[in-house]
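These notes are about the structure you will find just below.
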Amino acid sequence: MAQENAGLAARFLYKIVKNDSMKQDPPEIYGWRVFMLAFSACFGGMLFGMDIGTIGGVLVLPEFKDKYGLTGLDDVGQADLSANIASTLQAGCFLGCFTASWIADRWGRRTSLIANGLITIIGCIIQSASMGSIASMYVGRFVAGVGVGGASMVVPLYISENAPRAIRGGLTGIYQLFIASGAMLAFWINYGAILHIHGSAVYIVPLALQALPAALLVGCMFLNTESPRFLAKADRWEEATAVLSRVRNLPPTNEYVAAELKDIADQLEHERMLIGGATIKDLLREMFTIPGNRKRALISIGLMICQQMTGTNAINYYAPQIFKNLGLTGNSTGLFATGIYGVVKMVTCACFLIFAADSLGRRRSLLWTSIAQGSAMLYIGLYVRISPPLPGQDVPPAGYFALVCIFLFAGFFQFGWGPVCWIYVSEIPTARLRSLNVAIAAATQWLFNFVVARATPNMLATVGAHGYGAFIIYSCFCYSMFFYVWFLIPETKGLSLEKMDDLFGITEFVKHVEEDRERHAPATEIGMDGKEISHVEKREVTPSSHA
């Protein structure tokens, strides 16, 4: 009956999303607002995609090399300078994760996204106006990195706190879709620039256009509301009720809205009972001394390390150079192939979000793509080692299949390790720890992104002929991730954010804490402010005491 009365979007979701929550929840919650909210916030993901797509193409342009001193350096010297320019962004991103977490917890997720968009715009302006100054380029990329890194932490957090549980995976995964879309857009901007722009403008225009998604992020977030779970955490319950009612497209008195608010309230009360305080020290103690929270934090860190060690950003940053190593010659040819690579990433990510994110689930997606990615990387490495491309000769059939494997790798990544990691780390933490947990996960991602961006050019230049060893190394990492997921990652599709405590044993732990306190300290209990109150004080304010 609910499906018959559903709108067009809800009827489409009922056909493609297969989980228990989809069958139970009212169709009204799948209205346009929640989708527009997710798309608006995900311009923060496009910031990252635009950067990785832009800098990889800019670094191979002769005009850029001449202006910034790469011309005349040997292969290792060029690799070092290129790596420094590309990886300076990650240093800013690492700092931005923690800065954005503090802003998001103090002033809200929406405010943090607006601030990060403005910071990114400033960084892009500095880069495009650096006029050959390598120091200015470093500063611009670091400043932009603060904004990009901050947005990378807040976007999945903001979406997961607003999304209905049945489609939370798909909505949060839109973040990865926008990363892929930004990269694709940047690849084609680079290709168009080399065909139609001359002189210094050939790299200045792509660098300046990196600010476009940042401007869109700022504009869109001014139209959006704050996360209801942040408002509840700040004890602004009337606002939380109003926002949740608006996003769910249901009246505040609806039993579904009331039940979701009750789940939020119960979780917050349990969390305050365990530790009480809300300082960084208290939150870290709560994260790493309580077994269920510690497991979630370590899983988040592990997933982000694995995501980067697939080697995906090695290809994102240095795709033109990798295509050259596989036998494609000419800057325009390499950038065209890179553009096609971006299209493949965007299309496959969209297919995953529509058909698999909330049906196939998180665990299965990670398992099969681990093997698939490893196999694609292994073939590329073996081809470069056994039958390397020779200058001036046509690419052999085995070489074309190696090129196909680059595109296959991109598709496999978007069906698992790309979107799923962001979905998972934003949905498993408790409400009080969600911002800090996502910040630590995002910072870990940027730290290892830095490692990959800094090491890959040197690996391609030094680890075997044509860098075949780099592909073998990333292949081994991909295969090992299968076992990490098999033994350590539980399935979370279709669960509400508040039910994650049940999955990781926190609910049972709270019961033991309550029983222990009743046995050993019957005269006191913990209030909502985290302080102890006596049972005598409690009796004085109960309705029965006034009767």
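The values are calculated or read from the model by the stated rules, or taken from the named source; none is laboratory data. The structure presented is a predicted model; accordingly, all values stated were derived computationally and were not measured. Ideal geometry is used to build each Cβ from the backbone, glycine not excepted, and the neighbour counts take in all protein chains shown. Accessible surface is based on the protein model in full, side chains and every heavy atom, while ligands, DNA and RNA are left aside. Shrake-Rupley method; radii C 1.70, N 1.55, O 1.52, S 1.80 Å.
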**Message:** Checking the condition farther than 30 Å from Lys493 by Cα, modelled with pLDDT under 85 and either open to solvent by less than 70 Å² (accessible area, probe 1.4 Å) or touching a strand residue (DSSP E or B) at 6+ places or on another chain (Cβ under 7 Å) (or both), which residue from Gly361, Gly392, Gly381, Gly399 passes?
**Reply:** Gly399
**Message:** Being of a type in the set (Gly, Ala, Ser), open to solvent by less than 30 Å² (accessible area, probe 1.4 Å) and closer than 30 Å to Ser359 by Cα is the filter here; which residues of segment 469-495 pass it?
**Reply:** Ser475, Gly494
**Asked** Counting only residues that are open to solvent by 10 Å² or more (accessible area, probe 1.4 Å) and over 9 Å from Val344 (Cβ atoms), which one in segment 402-412 is modelled with the highest pLDDT?
**Response** Phe412
**Request:** Starting from segment 204-227, take each residue that is over 17 Å from Ile126 (Cβ atoms) and list its partners that are in a loop (DSSP other than H, G, I, E, B), counting only C-beta distances under 9 angstrom and pairs at least six apart or across chains.
**Result:** Leu217/Cys42; Glu226/Gly108; Glu226/Arg236; Ser227/Gly108
**Item:** Close pairs (9 angstrom Cβ cut-off, 6 or more residues apart or separate chains): farther than 17 Å from Ser375 by Cβ and of a type in the set (Val, Ile, Thr) in segment 387-409, at pLDDT below 70 and open to solvent by less than 50 Å² (accessible area, probe 1.4 Å) anywhere
**Value:** Val395/Leu326; Val395/Gly327; Val395/Leu328; Val395/Pro389
**Message:** Residues that are among the polar types (S, T, N, Q) and open to solvent by 10 Å² or more (accessible area, probe 1.4 Å): does segment 188-200 have at least one?
**Reply:** yes
**Asked** Considering only segment 284-298, how many residues are open to solvent by 10 Å² or more (accessible area, probe 1.4 Å) and under 21 Å from the mean Cα position of the chain (by Cα)?
**Response** 3
**Fill in**
Taking segment 209-267 and keeping residues open to solvent by less than 50 Å² (accessible area, probe 1.4 Å) and basic (Lys, Arg) leaves Arg229, Lys233, Arg248
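Conditions tested, residue by residue: (1) of a type in the set (Asp, Glu); (2) assigned to a helix (DSSP H, G or I); (3) out of contact with any helix residue (DSSP H, G or I) (no Cβ under 8 Å at 6 or more places or on another chain); (4) open to solvent by 20 Å² or more (accessible area, probe 1.4 Å).
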residue: Thr430; (1), (2), (3), (4): no, no, no, no
residue: Val438; (1), (2), (3), (4): no, yes, no, no
residue: Val452; (1), (2), (3), (4): no, yes, no, no
residue: Ala455; (1), (2), (3), (4): no, yes, no, yes
residue: Gly467; (1), (2), (3), (4): no, yes, no, no
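Under the condition of being under 20 Å from Pro429 (Cβ atoms) and aliphatic (A, V, I, L, M), which residue from segment 206-240 is modelled with the lowest pLDDT?
Residues of segment 206-240 that are under 20 Å from Pro429 (Cβ atoms), as a first pass: 226-235, 240.
Retained after the next criterion (residues that are aliphatic (A, V, I, L, M)): 231-232, 234, 240.
Values: Leu231: 91, Ala232: 89, Ala234: 86, Ala240: 90.
The selected residue is Ala234.
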**Request:** With the condition kept exactly as written, say whether any residue in segment 248-255 is of a type in the set (Val, Ile, Thr) and either within 22 Å of Arg106 (Cβ to Cβ) or assigned to a helix (DSSP H, G or I) (or both).
**Result:** no
**Request:** Take Gly416 and decide whether it is assigned to a helix (DSSP H, G or I) and out of contact with any strand residue (DSSP E or B) (no Cβ under 6 Å at 6 or more places or on another chain).
**Result:** no
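If I go through segment 230-247 residue by residue, how many of them are in a helix (DSSP H, G or I) and farther than 18 Å from Ile159 by Cα?
First, the residues of segment 230-247 that are in a helix (DSSP H, G or I): 230-233, 237-247.
With the extra rule that they be farther than 18 Å from Ile159 by Cα, the set shrinks to 237-238.
The number of residues fulfilling the criteria is 2.
Could you tell me whether segment 68-86 includes any residue that is of a type in the set (Val, Ile, Thr), surrounded by 22 or more Cβ atoms within 10 Å (Cβ to Cβ) and over 29 Å from Arg246 (Cβ atoms)?
The initial filter retains those residues of segment 68-86 that are of a type in the set (Val, Ile, Thr), namely 71, 76, 85.
Retained after the next criterion (residues that are surrounded by 22 or more Cβ atoms within 10 Å (Cβ to Cβ)): none.
No, segment 68-86 contains no residue that is of a type in the set (Val, Ile, Thr), surrounded by 22 or more Cβ atoms within 10 Å (Cβ to Cβ) and over 29 Å from Arg246 (Cβ atoms).
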**Prompt:** Among (1) open to solvent by 10 Å² or more (accessible area, probe 1.4 Å); (2) modelled with pLDDT of 90 or more, which single condition is Gln307 missing?
**Reply:** (1)
**Asked** Out of all the residues in segment 87-113, which are among the hydrophobic types (A, V, I, L, M, F, W, C) and open to solvent by 20 Å² or more (accessible area, probe 1.4 Å)?
**Response** Ala91, Phe94, Leu95, Phe98, Trp102, Ile103, Trp107
